[in-house]
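Worksheet for the structure shown next.
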Amino acid sequence: MKTSQTYRLTAPSLESLQLFTETVPAIGSYEVLVRMRAASLNYKDNFYLAGAQGIQLPRPTVPLSDGAGEVVAVGEHVNRFAVGDSVAGNFVQDWLYGPLADHAANSSTTLGHGIDGTLTQYRVFNQEGLVALPRNLSYEEGATLPCAAVTAWNAVREVRPSQTVLILGTGGVALFAQQFASALGARTIVTSSSDAKLARAAAAGADHLINYQSDPDWHKKARELTGGKGVDHVIETVGPDTLERSILATRRDGTVHLVGLINPVGKIDPMLILGGTVTVRGVRVGSRQLFEEMNTFIERKGIHPIIGHRFDFSDARDAFAQQLKGPEFGKIVITF
Ligand SMILES: NC(=O)c1ccc[n+]([C@@H]2O[C@H](COP(=O)([O-])OP(=O)(O)OC[C@H]3O[C@@H](n4cnc5c(N)ncnc54)[C@H](OP(=O)(O)O)[C@@H]3O)[C@@H](O)[C@H]2O)c1
């Protein structure tokens, strides 16, 4: 009988992340057994450690939505994958295509939330809940894709060459948005609190850089960079604190893609949307179809996710502690 080293969050605190030895269940006809090789953290994972203020999970749950690994066994009716394939789990396991469904909205089938996640050596997936990794990516790189990259792709996929995209910050979603927008042929403006991070964003292809701390009127600067017209798209990774300025930076009939919920409390003046004839569009990760579309794009353009920190499986708690400290530059990855 095969066993798996598996982390579970037994309560919403870092100390409650505990390692167990569990029996790997037998696979059903349409299921796939994956030897997980890497997992990755996101901003949202802080909420699962935040005690009474955070997200309460109903039972000890395997954390993390993001992970990649190798197919080691397939059920008799599996036709999407074969042993040896490199795969990643889809964030909402059964959101395959189309708009966000009710079950996707309530997270009941989201990895690491309603169902067990990826911080385990072996995991059984229904074949529909997996995507093939882009062939140019390692397991570590592939593990960064399910949440931040799919969200960024959902936000930027309609961007056209010669358009200008304003991207707030240099977090996980923002860096993917910058890489995708540049690869789509757009001009990018990246903001950050740190000149050092801006220099790294420039090295990753950002065209214009604004320090939002030394220049709190960054929306005016962004407008100036477009000759006063305004940017075509904003990747709004922050939320109410910055939304008004994001709208003010946007051209008539441009789009603010609202992704962020850092401090999700606040009011904005809706007349700015009307006056600027701006569309504010809510973005929530994405379907399997978007994930697969993005992977084709990543492979075709030779894009590689930016990784900031690597931790061994045995040091998973240190990876969560690093995430809790706040963002540096690049994704935090755990390798198995
Ligand atoms: N809607 C969805 O489906 C979805 C999916 C993924 C993430 N999210 C949300 O999107 C947000 C970002 O996620 P993430 O994973 O990219 O987080 P992250 O890696 O922790 O990055 C957060 C970044 O936000 C930037 N930031 C903070 N305050 C800012 C401000 N006032 N102006 C501009 N930038 C600011 C910082 O950039 P600097 O360090 O450069 O200053 C920081 O790096 C979070 O709220 C997360 O929950 C939503």
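Out of the residues in region 147-167 meeting the condition of being open to solvent by less than 10 Å² (accessible area, probe 1.4 Å) and small (G, A, S), tell me which one is nearest to the ligand (Cβ to nearest atom). Looking at residues that are open to solvent by less than 10 Å² (accessible area, probe 1.4 Å) and small (G, A, S), I get A148. Across region 309-319, not a single residue is classified as basic (K, R), touching a residue at least 24 places away in the same chain (Cβ under 8 Å) and within 12 Å of the ligand (Cβ to nearest atom). Do we find that T242 is within 14 Å of the ligand (Cβ to nearest atom) and crowded, with 23+ Cβ neighbours inside 10 Å in this structure? Answer is yes for this residue.
When H304 is tested against (1) away from the ligand (no atom under 16 Å from the Cβ); (2) closer than 27 Å to D102 by Cβ, exactly one condition is not met: (2). Those strands (runs of 3 or more DSSP E) of region 1-89 in which 1 or more residues are touching a helix residue (DSSP H, G or I) at 6+ places or on another chain (Cβ under 8 Å), of a type outside the set (D, E) and under 19 Å from G129 (Cβ atoms) occupy 31-40, 66-74, 86-89. Scanning region 269-291 for residues that are more than 13 Å from the ligand (Cβ to nearest atom), surrounded by fewer than 16 Cβ atoms within 10 Å (Cβ to Cβ) and touching a residue at least 24 places away in the same chain (Cβ under 8 Å) yields D269, T277, T279, Q289.
On inspection, L64 passes the criterion of being on the phi > 0 side of the Ramachandran plot, crowded, with 17+ Cβ neighbours inside 10 Å and not hydroxyl-bearing (S, T, Y).
Restricting attention to region 214-226, does a residue exist that is surrounded by 14 or more Cβ atoms within 10 Å (Cβ to Cβ) and within 30 Å of A101 (Cβ to Cβ)? Looking for residues that are surrounded by 14 or more Cβ atoms within 10 Å (Cβ to Cβ) and within 30 Å of A101 (Cβ to Cβ), one finds none in region 214-226, hence no.
Residues are listed down the side, and each one gets a yes or a no for (1) more than 10 Å from the ligand (Cβ to nearest atom); (2) under 28 Å from L41 (Cα atoms); (3) modelled with pLDDT under 95; (4) of a type outside the set (A, V, I, L, M, F, W, C):
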| position | (1), (2), (3), (4) |
| --- | --- |
| G172 | no, yes, no, yes |
| I189 | yes, yes, no, no |
| A203 | yes, yes, no, no |
| A222 | yes, no, no, no |
| I235 | no, yes, no, no |
| D253 | yes, no, no, yes |
| V256 | yes, yes, no, no |
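The values are calculated or read from the model by the stated rules, or taken from the named source; none is laboratory data. Here the structure is a predicted model, which means the values were calculated and not measured. Note that we place each Cβ from the backbone using ideal geometry, even for glycine, and neighbour counts take in every protein chain shown. We work out accessible area using only protein heavy atoms, side chains counted, and drop any ligands, DNA or RNA first. Shrake-Rupley method; radii C 1.70, N 1.55, O 1.52, S 1.80 Å.
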